[in-house]
1. Could you please find all residues in the range 321-336 being over 21 Å from Val367 (Cβ atoms) and surrounded by 23 or more Cβ atoms within 10 Å (Cβ to Cβ)?
2. Output the residues belonging to the range 311-354 that are more than 22 Å from Arg4 (Cα to Cα), among the acidic types (Asp, Glu) and not in a helix (DSSP H, G or I).
3. Answer yes or no: is there a residue in the range 481-494 that is over 22 Å from His521 (Cβ atoms) and at pLDDT 95 or above.
4. With respect to Arg115, determine if the residue is of a type outside the set (Gly, Ala, Ser), closer than 16 Å to Tyr15 by Cα and surrounded by fewer than 22 Cβ atoms within 10 Å (Cβ to Cβ).
5. Looking at the range 398-447 only, could you name the residues that are among the charged types (D, E, K, R), assigned to a loop (DSSP other than H, G, I, E, B) and farther than 18 Å from Ala363 by Cβ?
6. Residues Val477, Val432, Val499, Val467: which one is touching a Phe, Trp or Tyr at 6+ places or on another chain (Cβ under 6 Å) and either acidic (Asp, Glu) or surrounded by 15 or more Cβ atoms within 10 Å (Cβ to Cβ) (or both)?
7. Return the pair list, or none, for Cβ contacts closer than 7 Å from residues in the range 366-377 that are free of Cβ contacts under 8 Å to residues at least 40 places away in the same chain to residues that are β-branched (Val, Ile, Thr), at least 6 apart or on different chains.
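The values are calculated or read from the model by the stated rules, or taken from the named source; none is laboratory data. Source: prediction; values computed, not measured. When we count neighbours, we look across all protein chains shown, and the Cβ atoms used for this are built from the backbone with ideal geometry, even at glycine.
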Amino acid sequence: MADRWWQAGILYQVYPRSFQDSDGDGIGDLPGILARLPHLVELGVDALWLSPIYPSPMADFGYDISDYTAIDPVFGTMADFDALLSAAHAHGIKVLLDLVPNHTSDRHPWFEESRASLHNPKREWYIWRDPAPDGGPPNNWLSEFGGSAWEFDPATGQYYYHAFLDKQPDLNWRNPAVREAMHDVMRFWLRRGVDGFRVDVIWHLIKDDQFRENPPNPDWHPGRPPAEKVIPLYTADRPEVHDVIAEMRKVIEEFDERVLIGEIYLPIERLVTYYGADLSGAHLPFNFALLNAEWHAETLARLIEEYETALPEGGWPNWVLGNHDRPRVGTRVGRDQVRVAAMLLLTLRGTPTLYYGEEIGMADVAVPPERVRDPYEKNVPGIGVGRDPCRTPMQWEPAPHGGFSTTEPWLPLAADFRQENVANQQDDSTSVLNLYRRLIALRRQNRVLTQGSYEKIAATGDILVYVRTLSGDRVLVALNLSGEPVSMALEGRATRGRVLVSAFGDRDGESVDGEIALRGHEGVVIALDRTPAGA
């Protein structure tokens, strides 16, 4: 049963650089988010998740942290953060922070001490190794952002490990002092009133203590990221990581009603292990299956069933449609299908996470080479790994710079921002924005959608149909994943009902009796007549 706020609620991710600029520097900030808080209230979401806002040299735009307990001036001040937190809580909206415990900036005082000498007390806070016999890197471990994951430090004659940029050295989570320091960081923010954390690359935290070579990947081919040349057997998803996460969960449990979410890109059978033994791990190991799924009814139905079957007893499901690292749903499935995608996300069993801009159907933006900011794209150009296209400014108004800023934004806006924006969709009852609002309102009003069981009815051709059930109440969801009209006869139990929400807003309240007919790119949510007692 969904008796915790993070089970019944909806999470909304904001990439702070791109949500709203308040001071005219072209970069979003905390006062800007505060100014746009009414949008989240009207949308109806329950929690605001902020990508990193800590002090950072911005080599990886905030994921290289130089101080875990402060606010970067580009985003504002601690007073600005407290004001946002207070206002969000006043509106019943929780606030989650991104925690980045795998690595720091190379300018973090911890690392500056660590690299100062071989005998510095913080030397073992990071992962240092002697060169290989030939003077090269200690082993074949590769950086996610291209090249070796080992960087030579001439001053001390050793290499340090970095899973991402060389300016992002990995912490040594086998060191108890590191764990305790990060636990104190968590407590700092939890005491301030933060409602939980989304933990960055949580499955990377522990590396092999024998530093064994990763095996070659026989499926790698040119055109794929170079990091995939090896299978990260010894650099990620190590068994000991679950002990680390269990300790983080204990810190969370020191406070009431807080949540621990883990970023984990793993197959479902491995993902579900991050709930931990006896659910001592992450409350929500992020399920990214929809980010890469082929948009076909049978594929989606199989994916949903696989996930539901794999969940441990008591493990709460969750679904993610988009985030700051992957192409937007409007680009992946096409703009015509964004309504269907929204209906899928908001009617499946479990906690949904929205990425800013999805509620107006934003798609990726083509970023010209001279405006590329993403270090991943700069390091590994030409194969489509750049993340800038999904991080462009929120499209608020048909005004200069989309109402995001009074000056040229740090990334370009979409060419169609004057047509596709919040202001234009606000009063259009058929808009994507108002579909999201209706779906979210329906979730709030209808316990079947937050607590009910899931059952597949059909997944044939381009139509996906399933039922959510709770105490005799049933809600049926029918989605057309194509542009062609489809229809399906309802069989078995009571087949009459009433449309609660339709994709285009023009069928709400319509009666259904024995058959579902859907136009191209249409979905409907139907309240079925109650099952007779004993049926």
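1. Result: Leu321, single match.
2. Correct list: Asp325 only.
3. No, there is no match, as no residue in the range 481-494 is over 22 Å from His521 (Cβ atoms) and at pLDDT 95 or above.
4. Numbers: of a type outside the set (Gly, Ala, Ser): yes; closer than 16 Å to Tyr15 by Cα: no; surrounded by fewer than 22 Cβ atoms within 10 Å (Cβ to Cβ): yes.
Spelling it out, it is not the case that Arg115 is of a type outside the set (Gly, Ala, Ser), closer than 16 Å to Tyr15 by Cα and surrounded by fewer than 22 Cβ atoms within 10 Å (Cβ to Cβ).
5. Glu408, Asp427, Asp428
6. On inspection, the qualifying residue turns out to be Val477.
7. Close Cβ pairs satisfying both conditions: Glu377/Val385.
Quick grid of which residues meet (1) closer than 24 Å to Trp220 by Cβ; (2) touching a strand residue (DSSP E or B) at 6+ places or on another chain (Cβ under 6 Å); (3) among the small types (Gly, Ala, Ser):
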| residue | (1), (2), (3) |
| --- | --- |
| Pro375 | yes, no, no |
| Asp388 | no, no, no |
| Glu397 | no, no, no |
| Ser405 | no, no, yes |
| Glu408 | no, no, no |
| Asn424 | no, no, no |
